[in-house]
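Have a look at the structure below before the remarks.
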Amino acid sequence: MATGQLFSKTTQALFYNYKQLPIQRMLDFDFLCGRETPSVAGIINPGSEGFQKLFFGQEEIAIPVHSTIEASCAAHPTADVFINFASFRSAAASSMAALKQPTIKVVAIIAEGVPESDTKQLIAYAKANNKVVIGPATVGGIQAGAFKIGDTAGTIDNIIQCKLYRPGSVGFVSKSGGMSNELYNSIARVTDGIYEGIAIGGDVFPGSTLSDHVLRFNNIPQVKMIVVLGELGGRDEYSLVEALKQGKINKPVVAWVSGTCARLFKSEVQFGHAGAKSGGEMESAQAKNEALREAGAVVPTSYEAFEGAIKEAFGKLIEEGKIAPVKEVTPPQIPEDLSTAIKSGKVRAPTHIISTISDDRGEEPTYAGVPMSNIVEQGLGVGDVLSLLWFKRSLPRYCARFIEICIMLCADHGPCVSGAHNTIVTARAGKDLVSSLVSGLLTIGPRFGGAIDDAARYFKDAYDKGLTPYEFVESMKKKGIRVPGIGHRIKRGDNRDKRVELLQHFARSNFPSVKYMEYAVEVETYTLSKANNLVLNVDGAIGSLFLDLLAGSGMFTKQEIDEIVGIGYLNGLFVLARSIGLIGHTFDQKRLKQPLYRHPWEDVLYTK
């Protein structure tokens, strides 16, 4: 492996399996370091394509999303680092696919628990093709002031405290990602900081070893000294011992192998990492520390003395004139996310939507403050739910039942009315359910099903003013306005609409008052004296009876009743009800596999 530097200020990566926070942390680090281009060139999300919006400083950018590794590598040929956030189940396969891409030089595998046999195959392929694997079970790595992998070094505050926004003179390698953060801090306190840091991961078979990276650091001119943090278990540290003995490393190495406390336990102890388990005396922390010390590394007497040993070694390099002072720079301020600022109480932001009818933030959704479980447990029906969501209150049972009857009676009126006809034609054109439904709903208006609100409005106005049916009808006639809710193309005075009769019967039996309905009936009596088809239709019946429901229930003020009628609540009832039938017609046509509809010539009057 050896060679030298893996990353630079122009290094770009491909990020596998989208994770918002690690990518945003990489981009924030880029901005902190003064990079001109984002370090994440593209995102790979199997099965997805498009863009993901993230921030590069104050600028919002769109990072391309690709569905395959091959497509992303082709689209971003200069991106040579593959950061793999796949689960342990797919990490090996996706990492191998990335290693086989000619543009990829470094693969970082974050997942823990990757099968050892799979890891061995990745290691063999990487060595044979001169590529680098960091991990599995790694947090990644960082080149100070240039590039970092995922969550390496933690938060921006920690990065600034550790001076990782600009390069230092120390090369650092460890098995542990968590201890890397600790050592970045220690090194920053007693030296000019990190130049490059790598966490190789805690698995038994890491993709690259401690010695691989130490030898690499030895070839990087900017790295003046090397710090190594090993751990008990395995024999990786002995390859470093051999390299030191063979004179392959000519820079000061300060090392410590953690896990010396293992001897305090009577039985074998498994520490946090899969590889942190002593398999004998040679794999103990004490044996490794002693071997490193004998090979020429600076090894303190304890971890507590580690920072002091690093300080002493760095001080000698300064005395020898091998390290020039690093010019300190002030990193730019990272803009704070709005959500974070709001939580910390630094800013306040207006909301964009107001909702008073439902809330889904708790353990269960609520309708007008009523938990979903209460609705089910109390056996409430559609009418009760509608009263909660439309009127924001629980109406008496007879009101909810009336609403349900209206829905049932208005659900459908055969295939020949305009709404059903439109839906049928659209469904037969092969369109989807929503398109077919909407095509039918768009016909609802003043001439078809949309007169309920107008009927209620005019009947209420006339009744409240004390107009007689004669005065009301004749005044409408003078204005050139048809009386909404009166008239039917088929029904007559001697052939009343059964739906109207059912509604009137229910209201007379259950409503405290039906004054508006009785007024509508009086108006009908007058209009029938003029023409036999000027009967009270279902729009007029629902409109007048809804006025009685609102006024008679005692739960609405006059202002609320006027608002309900004005907004269009009552037409909403017809829209809701008729949607049931329109959906039925859509399914009916598709079930029957009906072909495209074409209107017959003989039913068209062609004229000049």
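The values are calculated or read from the model by the stated rules, or taken from the named source; none is laboratory data. Not measured: the values here are computed from a predicted model. Methodologically, a virtual Cβ is constructed for each residue, glycine included, from the backbone with ideal geometry; neighbour enumeration extends over all protein chains shown. Calculation scope for accessible area: heavy atoms of the full protein, side chains included, ligands and nucleic acids excluded. Shrake-Rupley method; radii C 1.70, N 1.55, O 1.52, S 1.80 Å.
Checked against (1) open to solvent by less than 20 Å² (accessible area, probe 1.4 Å); (2) among the acidic types (Asp, Glu); (3) in contact with a helix residue (DSSP H, G or I) (Cβ under 6 Å, 6 or more places away or on another chain), Glu522 passes all but condition (1). Within the stretch 84-103, the presence of at least one residue that is at pLDDT 95 or above, surrounded by 23 or more Cβ atoms within 10 Å (Cβ to Cβ) and not in a helix (DSSP H, G or I) is confirmed. Of everything in the stretch 475-494 that is closer than 14 Å to Thr525 by Cα and either out of contact with any helix residue (DSSP H, G or I) (no Cβ under 7 Å at 6 or more places or on another chain) or aromatic (Phe, Trp, Tyr) (or both), the residue that is least open to solvent (accessible area, probe 1.4 Å) is Gly487. The residues on offer are Val382, Val370, and the sole one that is surrounded by fewer than 18 Cβ atoms within 10 Å (Cβ to Cβ) and either among the β-branched types (Val, Ile, Thr) or closer than 24 Å to Ala551 by Cβ (or both) is Val382. Only residues that are more than 22 Å from Asp548 (Cα to Cα) and in a helix (DSSP H, G or I) were counted in the stretch 391-440, giving 19.
Matching residues to (1) closer than 26 Å to Ala79 by Cα; (2) touching a residue at least 24 places away in the same chain (Cβ under 8 Å); (3) touching a helix residue (DSSP H, G or I) at 6+ places or on another chain (Cβ under 9 Å); (4) of a type in the set (Ser, Thr, Tyr):
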position	(1), (2), (3), (4)
Gly113	no, yes, yes, no
Asp151	yes, yes, yes, no
Gly154	yes, yes, yes, no
Ser180	yes, yes, no, yes
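Taken over the stretch 115-130, the residue count meeting the criterion of being without any contact (Cβ under 8 Å) to a residue 60 or more places away in the chain, polar (S, T, N, Q) and in a helix (DSSP H, G or I) is 2. With respect to the conditions (1) closer than 18 Å to Phe29 by Cα; (2) touching a helix residue (DSSP H, G or I) at 6+ places or on another chain (Cβ under 8 Å); (3) without any contact (Cβ under 8 Å) to a residue 40 or more places away in the chain, Pro64 falls short on a single one, namely (1). Considering each residue of the stretch 311-340, count those that are without any contact (Cβ under 8 Å) to a residue 24 or more places away in the chain, farther than 30 Å from Gly369 by Cα and not charged (D, E, K, R), and give that number. Counting residues in the stretch 311-340 that are without any contact (Cβ under 8 Å) to a residue 24 or more places away in the chain, farther than 30 Å from Gly369 by Cα and not charged (D, E, K, R) gives 6. Please verify whether the stretch 408-431 includes one or more residues that are among the basic types (Lys, Arg), over 25 Å from Ile542 (Cβ atoms) and out of contact with any Cys (no Cβ under 9 Å at 6 or more places or on another chain). Yes.
Using the structure shown, decide if Ile353 is farther than 30 Å from Gln504 by Cβ and loosely packed, with under 10 Cβ neighbours inside 10 Å. Don't jump to the end; show me each part of the working.
Numbers: farther than 30 Å from Gln504 by Cβ: yes; loosely packed, with under 10 Cβ neighbours inside 10 Å: yes.
So Ile353 fits the description; yes.
If only residues of the stretch 3-43 that are hydroxyl-bearing (Ser, Thr, Tyr) and assigned to a loop (DSSP other than H, G, I, E, B) are counted, the one that is modelled with the lowest pLDDT is Thr3. Scan the stretch 305-312 and tell me whether some residue there is assigned to a loop (DSSP other than H, G, I, E, B) and surrounded by 11 or more Cβ atoms within 10 Å (Cβ to Cβ). No, because not a single residue in the stretch 305-312 is assigned to a loop (DSSP other than H, G, I, E, B) and surrounded by 11 or more Cβ atoms within 10 Å (Cβ to Cβ). Could you look through the stretch 406-426, keep only residues that are in contact with a Phe, Trp or Tyr (Cβ under 6 Å, 6 or more places away or on another chain) and surrounded by fewer than 22 Cβ atoms within 10 Å (Cβ to Cβ), and pick out the one that is modelled with the lowest pLDDT? Here the answer is Ser418.
Return a yes/no flag: does the stretch 252-269 have any residue that is among the aromatic types (Phe, Trp, Tyr) and at pLDDT 95 or above. Looking through the stretch 252-269, at least one residue is among the aromatic types (Phe, Trp, Tyr) and at pLDDT 95 or above. Condition first: open to solvent by 60 Å² or more (accessible area, probe 1.4 Å) and either under 18 Å from Arg499 (Cα atoms) or of a type in the set (Asp, Glu) (or both). Can you find one or more residues in the stretch 436-452 that meet it? Looking through the stretch 436-452, none of the residues is open to solvent by 60 Å² or more (accessible area, probe 1.4 Å) and either under 18 Å from Arg499 (Cα atoms) or of a type in the set (Asp, Glu) (or both). Go through (1) in contact with a helix residue (DSSP H, G or I) (Cβ under 6 Å, 6 or more places away or on another chain); (2) in a helix (DSSP H, G or I); (3) open to solvent by less than 60 Å² (accessible area, probe 1.4 Å) for Arg457 and report which single condition fails. Unmet for Arg457, out of (1) in contact with a helix residue (DSSP H, G or I) (Cβ under 6 Å, 6 or more places away or on another chain); (2) in a helix (DSSP H, G or I); (3) open to solvent by less than 60 Å² (accessible area, probe 1.4 Å): (3).
Quick grid of which residues meet (1) crowded, with 18+ Cβ neighbours inside 10 Å; (2) within 16 Å of Phe459 (Cβ to Cβ); (3) in contact with a Pro (Cβ under 7 Å, 6 or more places away or on another chain); (4) at pLDDT 95 or above:
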| site | (1), (2), (3), (4) |
| --- | --- |
| Asn532 | no, no, no, no |
| Leu545 | yes, yes, no, yes |
| Lys558 | no, yes, no, no |
| His585 | yes, no, yes, yes |
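For the stretch 229-248, the set of residues classified as open to solvent by 10 Å² or more (accessible area, probe 1.4 Å) and assigned to a helix (DSSP H, G or I) consists of Asp236, Tyr238, Ser239, Glu242, Leu244, Lys245, listed by residue number. Would you confirm whether any residue within the stretch 33-42 is hydrophobic (A, V, I, L, M, F, W, C), crowded, with 22+ Cβ neighbours inside 10 Å and either under 20 Å from the mean Cα position of the chain (by Cα) or more than 10 Å from Val65 (Cα to Cα) (or both)? Among the residues of the stretch 33-42, at least one is hydrophobic (A, V, I, L, M, F, W, C), crowded, with 22+ Cβ neighbours inside 10 Å and either under 20 Å from the mean Cα position of the chain (by Cα) or more than 10 Å from Val65 (Cα to Cα) (or both), which makes the answer yes. Val190 meets each of the listed conditions (1) at pLDDT 95 or above; (2) under 35 Å from the mean Cα position of the chain (by Cα); (3) over 22 Å from Asp80 (Cβ atoms) apart from (2).
So for the stretch 44-53 (the condition being assigned to a loop (DSSP other than H, G, I, E, B), touching a Lys or Arg at 6+ places or on another chain (Cβ under 8 Å) and of a type in the set (Ser, Thr, Tyr)), does at least one residue qualify? No, the conditions are met nowhere in the stretch 44-53. Each residue in the stretch 156-178 was checked for being under 15 Å from Cys33 (Cβ atoms), hydroxyl-bearing (Ser, Thr, Tyr) and without any contact (Cβ under 8 Å) to a residue 60 or more places away in the chain, and 0 pass. Determine whether the stretch 387-398 contains at least one residue that is touching an Asp or Glu at 6+ places or on another chain (Cβ under 8 Å) and closer than 16 Å to Leu570 by Cβ. Yes, the stretch 387-398 has at least one match. Residue count for the stretch 64-83, restricted to those that are surrounded by fewer than 21 Cβ atoms within 10 Å (Cβ to Cβ) and in a strand (DSSP E or B): 2. Being open to solvent by 40 Å² or more (accessible area, probe 1.4 Å) and of a type in the set (A, V, I, L, M) is the requirement here; does Val376 meet it? Yes, satisfied.
Residue pairs whose Cβ atoms lie under 7 Å apart, separated by 6 or more positions or on different chains, with the first residue in the stretch 514-528 and among the aliphatic types (A, V, I, L, M) and the second open to solvent by 40 Å² or more (accessible area, probe 1.4 Å) and assigned to a helix (DSSP H, G or I), are Val514/Arg508.
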